[in-house]
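**Student:** Okay, here's the structure, questions in a sec.
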Amino acid sequence: MDKISNLKKIILNTLDSNKALDIVSIDLADKSSIADYMIIASGTSSRHIQALSEQVLEKIKLNGIKNCKIEGKESNDWKLIDGIDIIVHIFNPEKRKFYELDKMWSELIPKEKILIWKKYFQFLLFLFY
């Protein structure tokens, strides 16, 4: 098992053992270059969400990823832990349902759409830079 897959397993176990709800892991290969995996989970309260995010951050750092951080420290509804190769979102259930990241990132994106978006972003970069 490679280092990233092992870290993903550690994060999933951490979330599960600390009573996170509806934990989903999404492989981002062929979907995005932002990370290898996205993990989405829900917490039961703002304190639970904060505690989960801090525990996940600690596990990531203990596994050698030093540049990781928590985004949304001021938010009670949503934390994002940027583990470089693994992104972890921890929501309250209402916000999670509103944003539907599970659905958006789980769906297979046809290669034609990827090419269209890629050309669109290249065009935007050309216009603005």
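The values are calculated or read from the model by the stated rules, or taken from the named source; none is laboratory data. Being a predicted model, the structure only gives us computed values, none of them experimental. Neighbour counts are summed over all protein chains in view; Cβ atoms, including those assigned to glycine, are modelled from backbone coordinates with ideal geometry.
**Student:** Kindly list, by first and then second residue, each pair from a residue in segment 43-55 that is closer than 12 Å to Glu74 by Cβ to a residue that is surrounded by fewer than 18 Cβ atoms within 10 Å (Cβ to Cβ), limited to pairs with Cβ atoms under 6 Å and residues at least 6 apart or on different chains.
**Tutor:** Here the result reads Ser46/Asn76, each pair linking segment 43-55 to a residue that is surrounded by fewer than 18 Cβ atoms within 10 Å (Cβ to Cβ).
**Student:** When you go through Gln55, Gln50 one by one, which is the residue that is out of contact with any His (no Cβ under 7 Å at 6 or more places or on another chain) and within 23 Å of Phe98 (Cα to Cα)?
**Tutor:** Exactly one of Gln55, Gln50 is out of contact with any His (no Cβ under 7 Å at 6 or more places or on another chain) and within 23 Å of Phe98 (Cα to Cα), namely Gln50.
**Student:** Being at pLDDT 90 or above, crowded, with 16+ Cβ neighbours inside 10 Å and part of a helix (DSSP H, G or I) narrows it down to one of Ile60, Ile26, so name that one.
**Tutor:** Going through Ile60, Ile26 in turn, the sole match is Ile60.
**Student:** Filter segment 29-57 for residues that are β-branched (Val, Ile, Thr) and surrounded by fewer than 16 Cβ atoms within 10 Å (Cβ to Cβ) and give the result.
**Tutor:** Selection gives Ile34, Thr44.
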